Amino acid sequence: MNECHDLKYISKNKKQGLRVIALAGNPNVGKTTIFNGLTGLRQHVGNWPGVTVEKKEGILKYHDKEFLVIDLPGTYSLTASSIDELIARNFLLGSNADVVVDIVDSSSLMRNLFLTMEIFEMGIKNVIIALNKIDIAKKRGISFDVKKMEKVIGVPVIPTNAKSGEGVEELKAMISGMAEGKATTNPITPIYDEPIEQEIGHISGVLSETPLAQWYNVRWLAIKLLTRDQEVIKLVLNYLGPKKMDEILIHISELERYYKHPLDIVIANQKYEFIDKLMHQFVIHFGEVHETFSDCMDKILTHPLYGIFTLLGVFYLLFKFVFTIGTPLQEFLDNTFVSFGQLIAPHIGNETLRGLIVNGIIGGVGSVLSFFPLVFLLFVAMSILEDSGYMARAATVMEKIMRIFGLPGKSFIPMVLAFGCNVPAIMSTRTLEDERDRILTMLVNPLVPCSARMVVITFLTGVFFSKHKALVAVGIYAISLFLALLSALILGKFVIKGEESPFVMELPEYAIPSWKIALIHSWERSKEFLRKAGTVILFGSIAIWYLSSYPQAMGSGLSYAEKLGKVFEPFTMLMGLDWKAAVSLIFGIIAKENVIATYGVIYGIGENEEALIMLMRVAMTSLQAFVLALVTTLYIPCIATIGAIRAEGGNKWATVAVIYNLLLSSIIGVLVYNIGLFLGL
Amino acid sequence: MGKLDDILELIKEGARTSKEIAERLEISAEEVEGIIKILESLGYVEKIEIGESCGSCPLKKICLGSCIIFKGNIYQMKK
Ligand SMILES: Nc1nc2c(ncn2[C@@H]2O[C@H](COP(=O)(O)OP(=O)(O)OP(=O)(O)O)[C@@H](O)[C@H]2O)c(=O)[nH]1
Ligand SMILES: [Mg+2]
């Protein structure tokens with residue numbers, strides 16, 4: 001082997017004497033399914049040399065003959081932009097295969113044939129097209145004249161349904177025949193515009209005089225040079241030397257100026273158009289292109305005005321579902337924990353230990369744990385929403401509204417990510433070049449209610465409200481969103497709109513969610529909740545218990561907790577919250593559930609016999625409760641988010657972010673409380 | 001110039017979903033999505049991984065929330 005072969009990968013199997021069949025195609029077209037159909041159980045899975053891309057090999061037995069079948073990685077083209085493409089391309093370039101089976105998805109033939117054309121352009125002749133997923137095409141009303149297709153394309157075409165095995169026998173026969181040289185093919189290759197064809201001709205002429213012509217198809221090399229393929233440029237440079245290469249590159253630049261675009265996109269466009277024309281020769285029906293039900297749904301669901309109301313409606317139903325089913329379970333658990341505490345209390349002799357266990361641990365952790373059913377149901381509901389394909393629509397609506405509010409498009413991705421978790425969202429601001437854009441996006445981001453915040457909202461409304469829970473929860477959610485949008489408005493005003501980094505979203509098909517998946521999924525997620533109850537909240541509860549019991553028990557006005565709370569009370573009273581709320585908010589900094597745990601401990605210490613939620617509902621007016629729930633949701637990002645901001649923007653911005661959130665939530669708290677008072681709530 | 005280019009232009013102009021683009025070009029959303037895949041492979045757009053990005057969170061283990069499973073893909077234009 002000498003350096004001239006450096007683009008090629010030469011398979012060892014070549015030497016084993018077996019004829020090699022390579023399966024190529026776009027991702028997800030059914031290559032592996034066909035591979036299994038051809039080889040049965042005679043397979044071996046390994047890696048491609050030097051990389052961790054899976055390589056599947058197997059033996060196809062047909063009559064008394066054996067062939068080695070290799071499943072190539074799925075790719076959409078044969079540029080060298082990803083490792084998968086490079087593997088497939090180098091394998092095909094190395095003439096390793098006696099037959100290439102190009103598997104195409106007949107229900108989206110256009111993009112599939114793009115790869116086919118690239119394979120043909122390499123000069124590979126022994127190709128069979130497996131027109132797979134023919135069942136799906138049929139369902140969509142797409143039909144082909146296969147004979148005509150063979151004639152137009154120039155290679156055998158075999159319709160298959162790999163899933164049912166239909167056509168696989170014919171495919172085997174064709175493979176066997178072609179491997180033995182019994183089939184002649186004449187693959188069609190795209191023809192480009194005159195200026196491009198001229199340059200291809202020119203470069204091919206130059207290359208024909210080099211040894212490269214023995215190993216590669218020169219037309220393919222020429223086209224790849226035009227598209228400035230780095231691998232090919234390097235290869236050709238070895239043979240042409242810098243002077244001739246520069247000449248070629250100058251020509252390419254001239255062409256690029258002529259087309260006002262890089263040639264790779266020009267060539268891809270023309271290739272695509274070429275395929276479009278080809279298809280019209282052998283596709284009998286292109287399928288129905290009328291407006292589907294899902295198109296109509298999308299018109300409403302992604303409309304900026306109707307969409308936002310639907311969004312709120314959907315979340316209202318979500319909370320309604322959670323509370324309707326979850327509340328009785330939650331109350332049952334809460335009562336159980338209280339009774340359990342009372343049951344074991346007399347049996348613990350040591351007073352301190354009794355306080356710790358009954359008030360601290362059972363009071364704190366128990367009150368949080370009793371919310372497990374609500375958390376679980378929330379995850380079930382969210383899972384179902386996600387599975388249905390609705391979330392992508394919700395994101396689209398948000399984006400449209402954000403755009404109306406003036407948020408630069410480039411901040412959208414961090415915002416969408418934030419609905420899941422603020423941490424990756426903040427990390428993703430890294431892609432924004434402008435320092436100011438980045439910082440502002442980072443500051444606004446924690447206002448988007450992440451999925452954990454949904455839990456907190458569920459939690460707080462569950463505790464504080466006996467009626468209209470779903471409405472309150474949606475209200476808090478909506479205020480949160482509104483603040484994010486408001487901040488977006490500020491962002492839009494202050495950020496000088498730099499260069500946009502546009503994006504596009506593929507809306508998934510609507511799907512009927514699977515209960516089973518939703519349940520499994522939700523269990524996985526809510527397990528974390530249990531774990532958290534066992535760690536952060538357990539330690540939090542113990543700390544709260546200690547601070548509330550020493551140096552003297554609460555009620556004396558001397559406990560650490562009371563003293564601490566009283567320091568902040570004058571301030572929190574502006575939003576109608578007393579020292580207890582102040583203490584709980586302080587503990588909530590570590591984990592927002594601690595807000596509930598704190599109340600659990602505080603009321604537990606008062607030797608109350610009733611369940612926590614009963615006590616809470618008398619202790620506070622609905623307005624106070626709403627303010628507390630709202631402020632808890634907003635007042636501080638979680639520790640990980642603060643950490644992420646620190647990592648991305650440094651200490652200064654982490655501090656600013658915390659202060660911004662605190663300030664904003666205080667202002668909102670005071671506003672809502674006073675407006676509420678004014679309205680007589 | 002051609003469909004690939006038209007789609008890139010529309011994305012630059014602010015079309016946000018494949019359906020929007022499909023409507024503007026009067027082709028099917030599936031075809032638009034197919035072209036986006038080709039554009040990805042040519043290196044003009046890149047897919048944004050949403051799910052996996054949650055792996056970057058140090059508190060993943062104890063976080064109450066979870067990465068949204070965002071069905072549907074988002075592609076970002078590359079420079
Ligand atoms: N209806 C139908 N489904 C098919 C057919 N062939 C494959 N599938 C399904 O399509 C999906 C993808 O099939 P795979 O064989 O994994 O596709 P692949 O090309 O190997 O995919 P990658 O390895 O990811 O590139 C699976 O769910 C198959 O069951 C077919 O002819 N008809
Ligand atoms: Mg596969």
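The values are calculated or read from the model by the stated rules, or taken from the named source; none is laboratory data. This structure is a prediction, so every number in the text was calculated from the model and none was measured. As a convention, Cβ positions derive from the backbone with ideal geometry for all residues, glycine included, and neighbour counts pool all protein chains shown. Side chains included, ligands, DNA and RNA excluded: accessible areas come from the protein's heavy atoms. Shrake-Rupley method; radii C 1.70, N 1.55, O 1.52, S 1.80 Å.
Things to note:
- Restricting attention to segment A:64-77, the residues that are touching a strand residue (DSSP E or B) at 6+ places or on another chain (Cβ under 9 Å) and either within 16 Å of ligand 1 (Cβ to nearest atom) or over 19 Å from A:PHE35 (Cβ atoms) (or both) total 7.
- Qualifying residue in segment A:406-416 (condition: at pLDDT below 80 and more than 14 Å from chain B (Cβ to nearest Cβ)): no
- Residue pairs whose Cβ atoms lie under 8 Å apart, separated by 6 or more positions or on different chains, with the first residue in segment A:62-88 and more than 11 Å from chain B (Cβ to nearest Cβ) and the second of a type in the set (Ser, Thr, Tyr) and more than 10 Å from ligand 1 (Cβ to nearest atom), are A:TYR62/A:SER176; A:HIS63/A:SER176; A:LYS65/A:SER176; A:PHE67/A:SER176; A:VAL69/A:THR39; A:ILE70/A:SER11; A:ILE87/A:TYR9.
- Output for segment A:345-402, where each listed residue is among the small types (Gly, Ala, Ser), farther than 27 Å from A:THR598 by Cβ and part of a helix (DSSP H, G or I): A:ALA381, A:SER383, A:SER388, A:ALA392, A:ALA394, A:ALA395
- Selection count, segment A:156-212, where residues are part of a loop (DSSP other than H, G, I, E, B) and among the polar types (S, T, N, Q): 7
- Candidate set from segment A:24-43 (those that are within 15 Å of ligand 2 (Cβ to nearest atom) and farther than 27 Å from B:ILE35 by Cβ); member that is nearest to the other protein chains (Cβ to nearest Cβ): A:PHE35
- Within segment B:11-26, considering residues that are of a type in the set (A, V, I, L, M) and surrounded by 19 or more Cβ atoms within 10 Å (Cβ to Cβ), the one modelled with the lowest pLDDT: B:ALA15
- Once segment A:70-91 is narrowed to residues that are among the hydrophobic types (A, V, I, L, M, F, W, C) and open to solvent by less than 10 Å² (accessible area, probe 1.4 Å), the residue that is farthest from ligand 2 (Cβ to nearest atom) is A:LEU78.
- The residues of segment B:19-50 that are within 22 Å of A:ASP229 (Cα to Cα), of a type in the set (Asp, Glu) and either more than 9 Å from chain A (Cβ to nearest Cβ) or not in a helix (DSSP H, G or I) (or both) amount to a single one, B:GLU46.
- Criterion: within 27 Å of A:GLN230 (Cβ to Cβ), open to solvent by 40 Å² or more (accessible area, probe 1.4 Å) and either within 16 Å of ligand 1 (Cβ to nearest atom) or modelled with pLDDT of 95 or more (or both) - qualifying residue of A:THR33, A:THR52: A:THR52
- Every pair of residues 6+ apart whose Cβ atoms lie under 6 Å, when the first sits in segment A:376-395 and is touching a residue at least 60 places away in the same chain (Cβ under 8 Å) and more than 8 Å from chain B (Cβ to nearest Cβ) while the second is hydroxyl-bearing (Ser, Thr, Tyr) and open to solvent by 10 Å² or more (accessible area, probe 1.4 Å): A:ARG393/A:THR302
- Segment A:130-146 residues that are among the small types (Gly, Ala, Ser), paired with ones that are open to solvent by less than 50 Å² (accessible area, probe 1.4 Å) and within 10 Å of ligand 1 (Cβ to nearest atom) (beta carbon under 7 Å, 6 or more apart): A:ALA130/A:ILE34; A:ALA130/A:ILE103; A:ALA130/A:THR160; A:ALA137/A:SER106; A:ALA137/A:SER107
- Any chance A:LYS244 is farther than 30 Å from A:ASP145 by Cβ and away from every other protein chain (no Cβ under 13 Å): yes
- Screening A:ALA137 on (1) modelled with pLDDT under 95; (2) away from ligand 2 (no atom under 16 Å from the Cβ); (3) surrounded by fewer than 20 Cβ atoms within 10 Å (Cβ to Cβ) shows it passes everything except condition (3).
- Total residues in segment A:294-311, condition open to solvent by 50 Å² or more (accessible area, probe 1.4 Å) and in contact (Cβ under 8 Å) with a residue 12 or more places away in the chain: 2
- As for segment A:102-113, it holds no residue that is open to solvent by 50 Å² or more (accessible area, probe 1.4 Å), at pLDDT 95 or above and out of contact with any His (no Cβ under 7 Å at 6 or more places or on another chain).
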